[in-house]
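Chemist: Here it is: the structure, laid out below.
The values are calculated or read from the model by the stated rules, or taken from the named source; none is laboratory data. Since the structure is predicted, the reported quantities are computational estimates derived from the model, not experimental observations. Backbone-built Cβ (ideal geometry, glycine too); neighbour counts: all protein chains shown. Ligands, DNA and RNA are stripped out before the accessible areas are found, and what is left, the full protein with its side chains, is counted by its heavy atoms. Shrake-Rupley method; radii C 1.70, N 1.55, O 1.52, S 1.80 Å.
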Amino acid sequence: MCLQGMVCVLEEGNALCIVRDQTTGRNESTNKINIIVPASTTVQELLQEVGRKYQYDSDSFELLLQRSSDSNMIVLNEHREKNIEAIGVNFESGTRNMFIITDLPGTTLRKVTTTDAGEDDMLLGASASPTAGGDYTHSSPAPPPPPIMSTSTEYTYTSAIIKPDTGYVGLVNQAMTCYLNSLLQALYMTPEFRNALYKWEFDGTEQEEAKSIPYQLQKLFLLLQTSAKSAVETTELTRSFGWHSNEAWQQHDIQELCRVMFDALEQKVTLECRQAKKNPSATKMKLSKMIDYVKCLDCSTEKSREDTFLDIPLPVRPFGSTVAYGSVEEALRAFVQPETLDGNNQYFCEKCNKKCDAHKGLKFSKFPYLLTLHLKRFDFDYQTLHRIKLNDKVVFPDLLNLNSFILTAASSKEDSEPVTEDMIVKNDDSSTTDSGSALDDESCQGTDTTILTQDIDYQEDDEGIDMSNGPNHHENEKNRRHTLQRGPYMYELFSIMIHSGSASGGHYYAYIKDFKSKEWFCFNDQTVSRITKDDIQKTYGGGPLKGYYSGAYSSSTNAYMLMYRQIDKTRNCDALSAEEFPPHIKNLLLKIQQKEESDRLLLEKEMDMCKLKVYFRHPTTNTVTYIKLPCENQTILREVTFIAYKILKLEDVIPLDRCRLVNYDHLQDTIECSFEGREEDPIGDILYILRSNFKYDLLLETRREDQNFEVYRIGGVAIKVFVVNVETEEVDGPTIVRGNLSQTVKEFKGTLAKVLNLNADTLKIIFVANSCDEDPEKPYVISKLHKIIDRFEHIITLHLVLPDLDKETLDKLVIPPLVVDVNHNGSSDCSPKSCENCDTLGVEESDGSAAGTTARDNSPQLLGDAEDEGMGATGHSDQSASEDSSLTDSDRTIVGDAPDECLAQLSSPSDSPPGSDQQNVSSPEEGNTNTYHSFAKEPSGATENWDDEEADTYNTASRASNYYFRATPYKEDSHKMLKVLVDKRMILGTLKKDLETYVGVPLEYFKIYRLYSNQQEYECARLTETLSTFRDDEKLTVRLGRALRKGEHRGKVYQLLLNAKEPSKFLCDWILGKGMLVGDAKREILEELKRKYSINISYDRCRLRKKSWKNPGKVYLDTQKFEDISLFANWEMFLQELPGPEPATSSIQLLLFVRQWCPSTLELKPFDEVLLDGTTISELKEKISALSGIPVENLELAKGQSSFPCDMSVLGIHTELDWAPQTVTVDSWPFNIYEDGHVILYRDSREEVKQLTSEERKEIANKEGCRMGKLSSTVSTYSPRKERALKIYLDSSPKKHDDIDVD
């Protein structure tokens, strides 16, 4: 090339080309190369260079370009004369152009020898290399070895571009059914099994089809062979197993499935063939026979029995060894290696009439046509006590010679005779199968099992697996030579079941060979791809050592089950093609195709349908309902409106012309947009417009006769509007108003005025105000409106469920009614005469009048600061009780109440002096109460039930702050409710005081409960905490019952019944306060039990004691205070009745339960108590001796186990307890007793234990099991999820007929 040409090349742009080889005979070592080419390069030149790099003839392959601009694939062979820039190669910096080499249809790929680099190398750039960034070497690579498979199994970039057309269909994983999919694909790829299954004909009814396993398997195989889908479902097959959807989430072992499924298949096919008088053959090809024998080494007499088997389980390691077998052949030899019975394990030979040394082992009498080898990789580590997976390397050959494992030539015949009775005992010196050819044959000589030092240099794609061929190549060569020798048991590998994971879980997939094309494929659930010989070698296992734990190797992906087919020209066959199908299979295929076509048409119809959710607000009842309306996408809006109108049955309610469909947000209760002028548009097009806001619900909107529909545009916003009345300092709302971002402020004012029925000229939009400050020139930040809004920022809404106040409930709980001091709080605007219809909520007046007033008896209220302009300290003008508000009376009625009902209100003259007790709380016309708190001084004569310390805290926390409170009663599902707007800075004690009037009882006698996220309630008991943790619109529950004061804790009292079946019985809830005497608390509890439950217990013959879960603990003396005794929330305590006066006099004494064990009768006597002044064992024995009459020297003690009453089976008491503790004190090991309530068992050492027969022991064990089960039935214990055995239910009923299950 001339200098001028070189300069031109350097000046033009260059493109980075990444070429990947996807041809059939590619060399994996040069799968990908990078080439940098100038823009002037032609397609022909690029083809030649790519061919030179890969040693291919440029006319024998097809080069594809994935164009980055539109992702289309361009065949470059069709544009040889064009420039590469013209066909779409991108020359921008950093851009990679992806090329793929594939086989040229109708042409065989031809390989050529490359020449030395010449001038063309300079033209194409010097950076061409077989790998990214590597140096290119011009020497020809060594020709690759002939692969068993054709293409790579790696999921490369090209796999995402072009999915290889393997011609095979995958199986959908239902959840954890990879083990099932792998086995099914292996059986499907077995031509003999598939053909035998196709020849079987189902002649049952349509109802029986779903339960027939062979029919569903036949149907699934037919889908795998003929379906155009990439994967098919297995649900119908698993349904025939009797499995439900939860079975899909159970992990199982593939070998277990193979065994269970073939047993079930054999039973089902045999039964149906027997009924139809046919010969079952599908399951016989996997059955083989082995002999379990014992051979006397003295007389050579051999006893044996013949068994059939489905697979051969091969241990990966010998028992107790850390070195694995090197190959499958070595594991097979170890499998038939006999065990020598000698020493104490000698065999009794009937012929010798003595115990003799013997060989015990297994030997094969017949191998199946389809041989399955199970590599037992799952083991148990006795050091760590964990299940482990053995990932050791075990080599397996492509060709397996098993002729040397068969006993005699006669047994190698295809139809070997079964073992008869006269063959059971043989005396044949020549029958030395334990040392036969299986141990001597050259073809089966052992491979070295020593773990060799691993090579440090592993390939990047080896994934830590040993890729060395090891002995496998040698074994294959020997087996190939043996194919030329006489012997029928030659097998070729065709399926490898692979497990990836650990002993606790993992994933199965299969490598399977196509017998016709000799190609290998990876069947991994839905995915089917080609694999290489290297991929198979990776499944041997092994690889780099991890250096920890018993798994040993870093790779956990290896072969788990191997399937071989016998090489027999008379039996080997290809799978039936569609033209060769039997008539019943052709009919089944036609049936499947017809169903698929009907399903396709139904799916297309469903795809053309839309499901609408249409809401409707009834114009008379104001209730909101909705319907689900399916319709076609092409249905016009007018027709959809008519259909919804008909379904809702509105013919007699409102005319159709006063209804329309609009886009609706149910959560916000707002209309999102309307569809003016689109009545003739298809509903599908309308829904497509709504995709931007993801709100597709519709509302059938109605209008009055004199009203027009409003226009709502897409892009509007829902605005919460609050109306503030500056004069009365009231805030109403929120009201949801729909606004549009394109509206001006003036237009939005008009919208607000229309919705709120206000005058737009007087509105000031801050939130929304319907009157302004007295001084219109005053800046907003110092105006009264700003103060109100600033205060309202902390307002939250609470919904309270109020309790019922029937007289019976109040009497039962001993709750006095609320007494309102009307004279103290000011005159009432609601006189008895005007309140005839008022609900008094259980409120009584101190002067005996019947007026129901809402008031606080001890909390003076100030409605604002003294500095509030023009308002004085009261915060009200003379018009505060007037009807200035523009809201109508109907807007102010209580929800669910009749319009003429009124709520008892407390008001006061507006000219009350600052700081007086007579302050206005709310206007008498409203059904609610507005309150601002500012406690300036304590009320005189107030009745306060709080402790002094609590009251001080309560008043201090509330002082010098204005807190808003407004309550509105309403009803919901016949329950009395209260909607409260309250400042969240208010403390709980103040809130309860404000709620007194509405609850109807003093605040000490009701409690407020919140709801946890798990729907559990908890009491709000900390009265000095603010409401800052409460959520807006939170629902609270008010319950009757005395609230806790400072230092008080609520708990539970149980009765301790020592010798009852249930020793703990709940009595009542109780409140204990700090400083209370135990004797006083006991007296009050006894009085309550006598009054409520008629339980009469003497004060002097009972005690209170601590309860720790189920165990009785420390005894509380009557003179102790609950100041020295710690109290906690939700405490628990026992009330124990005594046979006499309390024996304990000091808190340092130790009170223990003792119980005698009688070994001669296997009985436990009732509980007794002993009181110890010290902690010595000698004192304990003396007290027990005095109680039982057993001499001290004959007493044996043991501490009771587990929780009270320390119950255990009588069969274990005498032997499982420590009856001879080596200790002198009870506070040392093994007793470790430091507190009252422990259980000590004692026995008389002179008493012999009762001797039981096996029947008596079994009977007692059953009785004790039932008794202990009942005792523990109330105890909730955690039980981890257990592994479930794999079962196939032949009647598809997992619950009724488990006796015929196959498991």
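Chemist: Could you check how much of the accessible area of the range 332-407 is carbon and sulfur, as a whole percent, using a 1.4 Å probe?
Modeler: On the way: 1590 of 3370 Å².
Ligands and nucleic acids excluded, carbon and sulfur reach 47 percent.
Chemist: As a test question: what accessible area, to the nearest 10 Å², does residue 243 have when a 1.4 Å probe is rolled over all protein chains in place?
Modeler: About 20 Å², ignoring ligands and nucleic acids.
Chemist: Also, I was wondering about something else. Tell me, in nm to one decimal, what length is gained between residue 1161 and residue 250 on full extension, where the rule is 0.36 nm per residue of separation less the Cα-Cα distance?
Modeler: In short, 323.0 nm is gained.
Chemist: Set the Förster radius R0 to 25 Å, insert the Cβ-Cβ distance between residue 387 and residue 1209 as r into 1/(1 + (r/R0)^6), and round the FRET efficiency to 0.05.
Modeler: On the way: r = 31 Å, r/R0 = 1.24.
E between residue 387 and residue 1209, to the nearest 0.05, is 0.20.
Chemist: Of all accessible surface on the range 1026-1154 at a 1.4 Å probe, what whole percent is carbon and sulfur? Let's see the in-between values first.
Modeler: Details: 3260 of 6690 Å².
Here carbon and sulfur together make up 49 percent of the probe-accessible area.
Chemist: Which whole-number percent is the relative contact order of the range 1134-1242 (Cα, under 8 Å, 6+ apart)?
Modeler: Numbers: 139 pairs, mean separation 35.3, N = 109.
In percent, rounded to a whole number, it is 32.
Chemist: Listed here are the pairs 211/605; 720/979; 992/1035; 289/518; 1061/1263; which of them are more than 24 Å apart at the Cα?
Modeler: Values: 211/605 31 Å; 720/979 18 Å; 992/1035 15 Å; 289/518 30 Å; 1061/1263 15 Å.
Beyond 24 Å: 211/605; 289/518.
Chemist: Hey, another quick one. Please list 1196-1205, 336-345, 506-515 highest first by mean number of surrounding beta-carbon atoms within 10 Å per residue.
Modeler: Working: 1196-1205: 18.2, 336-345: 13.9, 506-515: 21.3.
Peptide ranking by packing, descending: 506-515, 1196-1205, 336-345.
Chemist: At a 10 angstrom cut-off on C-beta neighbours, averaged per residue, how do the peptides 1284-1290, 254-260 rank from highest to lowest?
Modeler: Values: 1284-1290: 18.0, 254-260: 19.6.
Highest mean packing first, the order is 254-260, 1284-1290.
Chemist: Ignoring everything but the protein chains, give the 1.4 Å probe accessible area of residue 359 in square angstrom, nearest 10.
Modeler: We get 40 Å² for residue 359.
Chemist: Then there is this: Using a Förster distance of 41 angstrom, determine the FRET efficiency expected from the C-beta separation of residue 86 and residue 230, and round it to 0.05. Can you show the working numbers first?
Modeler: Details: r = 36 Å, r/R0 = 0.87.
The calculated FRET efficiency here is 0.70.
Chemist: Sort the following peptides by mean Cβ neighbour count (other Cβ atoms within 10 Å, averaged over residues), highest first: 1123-1135, 658-670.
Modeler: Details: 1123-1135: 15.4, 658-670: 17.5.
Sorting 1123-1135, 658-670 by mean packing, highest first, produces 658-670, 1123-1135.
Chemist: Out of residues 5 or more away from residue 567 or on other chains, whose amide H comes under 5 Å of its own, with H placed 1.01 Å from N in the peptide plane?
Modeler: 490, 491, 492
Chemist: Mean separation of Cα pairs under 8 Å and 6+ residues apart, divided by the residue count of the range 15-112: what relative contact order is that in percent? List each step's numbers first, then the result.
Modeler: Numbers: 179 pairs, mean separation 39.5, N = 98.
Worked out over the range 15-112, it gives 40 percent.
Chemist: Let me ask you something else. Which distance in Å, rounded to a whole number, links the C-alpha centroids of the range 337-354 and the range 1183-1206?
Modeler: First find each Cα centre; the distance between them is then 54 Å.
Chemist: Expressed in nm to one decimal, what extension gain is obtained for the pair residue 740 and residue 1222 from 0.36 nm per residue of sequence separation less their Cα-Cα distance? Working shown, then result.
Modeler: Numbers: separation 482, 0.36 × 482 = 173.52 nm, distance 8.82 nm.
Computed gain between residue 740 and residue 1222 is 164.7 nm.
Chemist: At R0 = 30 Å, how high is the FRET efficiency between residue 1025 and residue 718 if r is their beta carbon distance? Nearest 0.05 is fine.
Modeler: Values: r = 34 Å, r/R0 = 1.13.
After rounding to 0.05, the efficiency reads 0.30.
Chemist: Simple spin-label model, 7 Å along Cα-to-Cβ: residue 759 to residue 604 in nm?
Modeler: 6.8 nm
Chemist: Here's a follow-up. Label the range 483-635 by shape, choosing from rounded, prolate and oblate, from the square roots a ≥ b ≥ c of the eigenvalues of the Cα gyration tensor; if a/c is under 1.5 it is rounded, and otherwise prolate applies when a/b is larger than b/c, oblate when it is not. Working shown, then result.
Modeler: On the way: a/c = 4.59, a/b = 1.72, b/c = 2.67.
Oblate, since a/c reaches 1.5 and b/c is not below a/b.
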